[in-house]
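Visitor: Provided herewith is a single structure, encoded as structure tokens, for subsequent inquiry.
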Amino acid sequence: MLQQRTLKTLTRAVGVGLHSGQRVELTLRPAQPDTGIVFRRVDLPEPVDIPITAQAVTDTRLASTISAGNAKVHTVEHLMSACAGLGIDNLYIDITAEEVPILDGSSASFVFLLQSAGVELQKAPRRFIRVKRPVEVREGQGAQSKWARLTPYHGYKLNFEIDFDHPAVDSTGQRVEFDLGSGNYSRDIARARTFGFTRDVEMMRANGLALGGGLDNAIVMDDYKVLNSDGLRYDDEFVKHKILDAMGDLYIIGKPLLAEYTAFRSGHAMNNRLLRELLAQPDAWEIVTFDDERQAPSGFAQPARAW
Ligand SMILES: [Zn+2]
């Protein structure tokens, strides 16, 4: 049986929020089978649980925010991406502020944290959402158009293409295909950092945003070039970060997908619209489990590889 996964033991991290600049502590704890991933705001007078679901996403400007009542957690996508990459099904994430720490701007530190706590197999079948027919969302016309699509695939594959019209971005790879079954999430995707432009950063700061952002947790560009003295971690780091984000945004649906995701200029808002569109068409998907691991997509039964 292909089993659900949680952590062997708890683990902690401390950092600052990208937008709030606030210090925040995270405690990642094992959870029972079928718990899913649940954020818990432990700094509020009464702790509030915020389980991830497509409907829990209430804001997608700059980052993905989930809410339950008035309690929020901003910027969940990089941690969610690490959980998707390592196949973690059940996890409590205790958090002491309303934003996940940015750490180095990628999901590599989260991968390291999860792997050092160890992954535990649980006595319950892993439930997947298998996409049975194409579902697509689209917006804009011509040069402004963007779209994202899920199609049937025995495994989980993502294709992303960017188009930023910026010299430093255009000189890098514009398109990436990544198959989770390769086992190379940690090596090929997790280290890709978030990125921003100095002109936007100045405007965001004036509005009280990006207060925790800087060259140690983002790729920062002026109008012409990358300002980080060490340059890029991958030749195609920008589009790989978009794959990292998409994996996090899509994992908010609460179960791993069996599908191929293809997107052109998509972002947090469109990724969430795609999940809602899928859920709104119950005949486009079904829940499946694998009693026999040999029936599962190749690579899915193995533990995720480290670097
Ligand atoms: Zn991101």
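Quick note: the coordinates plus some simple rules give every number you see, no bench work behind them. Owing to the predicted nature of the structure, the values given are computational and were not obtained by experimental measurement. Cβ: placed from backbone, ideal geometry, glycine included. Neighbour counts: every protein chain shown.
Visitor: Give me the one-decimal nm value for the distance between modelled label points at residue 27 and residue 225, 7 Å along each residue's Cα-to-Cβ direction.
Guide: Calculated label separation equals 4.7 nm.
Visitor: Something else: Can you tell me the FRET efficiency between residue 58 and residue 164 if r is taken as the Cβ-Cβ distance and R0 is 30 Å, rounded to the nearest 0.05?
Guide: Working: r = 27 Å, r/R0 = 0.90.
E(calc), rounded to 0.05, equals 0.65.
Visitor: For the range 1-47 and the range 244-307, compute the distance between their C-alpha centroids and round to whole Å.
Guide: Using only Cα atoms, the two centres lie 21 Å from each other.
Visitor: Now for a separate question. For the modelled label position 7 Å from the Cα of residue 96 along Cα-to-Cβ, which residues of the range 42-63 have backbone nitrogen atoms closer than 11 Å?
Guide: Those under the cut-off are 42-43.
Visitor: How much of the calculated P(r) for the range 3-125 lies past 19 Å, in percent of all Cα pairs? Before the final figure, lay out the partial values.
Guide: Details: 3198 of 7503 pairs.
In whole percent, the share of Cα-Cα pairs in the range 3-125 beyond 19 Å is 43.
Visitor: Order these peptides, 249-257, 156-164, 80-88, by their mean beta-carbon neighbour count within 10 angstrom, highest first.
Guide: 80-88, 249-257, 156-164
Visitor: Also: Roughly speaking, what is the stretch gain from residue 289 to residue 34, that is 0.36 nm per residue apart minus the C-alpha to C-alpha distance, in nm to one decimal?
Guide: 90.5 nm is the gain from fully extending residue 289 to residue 34.
Visitor: Just to be sure I understand: of the beta bridges DSSP finds with both ends in the range 128-295, what percent are antiparallel, rounded to 5? Mind showing how you got there, number by number?
Guide: Values: 20 of 31 bridges.
Of those bridges, close to 65 percent are antiparallel.
Visitor: What's log10 of I(q)/I(0) for the range 128-295 at q = 0.17, 0.19 Å⁻¹, Debye sum over Cα points only, no solvent?
Guide: At q = 0.17, 0.19 Å⁻¹ the computed log10 ratios are -1.09, -1.26.
Visitor: Once every DSSP H run of n ≥ 4 in the chain is given -39500 (n - 2.57) and the sum is divided by its residues, what mean residue ellipticity at 222 nm do you get, rounded to the nearest 500 deg cm²/dmol?
Guide: Result for the chain: -6000 deg cm²/dmol, rounded to the nearest 500.
Visitor: Take residue 138 and residue 116, extend 7 Å from each Cα along the Cα→Cβ direction, and tell me the distance between the two endpoints in nm.
Guide: 4.7
Visitor: Report P(r) for the chain: all Cα-Cα distances, bin width 20 Å, range 0 to the bin holding the largest distance, values in whole percent.
Guide: 34, 60, 5
Visitor: Further question: Anything in the chain that counts as a DSSP H helix reaching 15 Å or more along its axis (C-alpha) with Kyte-Doolittle mean of at least -1.0? List them, would you? Mind dumping the intermediate values first?
Guide: Values: long enough: 237-251 (21 Å, -0.03); 268-279 (17 Å, -0.32).
Those that pass (Cα extent of 15 Å or more, hydropathy at least -1.0) are 237-251, 268-279.
Visitor: Now, a different point. Work out Dmax and Rg for the range 199-307 from the C-alpha atoms and quote the Rg first, both in angstrom.
Guide: According to the Cα coordinates of the range 199-307, Rg and Dmax are 18.8, 56 Å.
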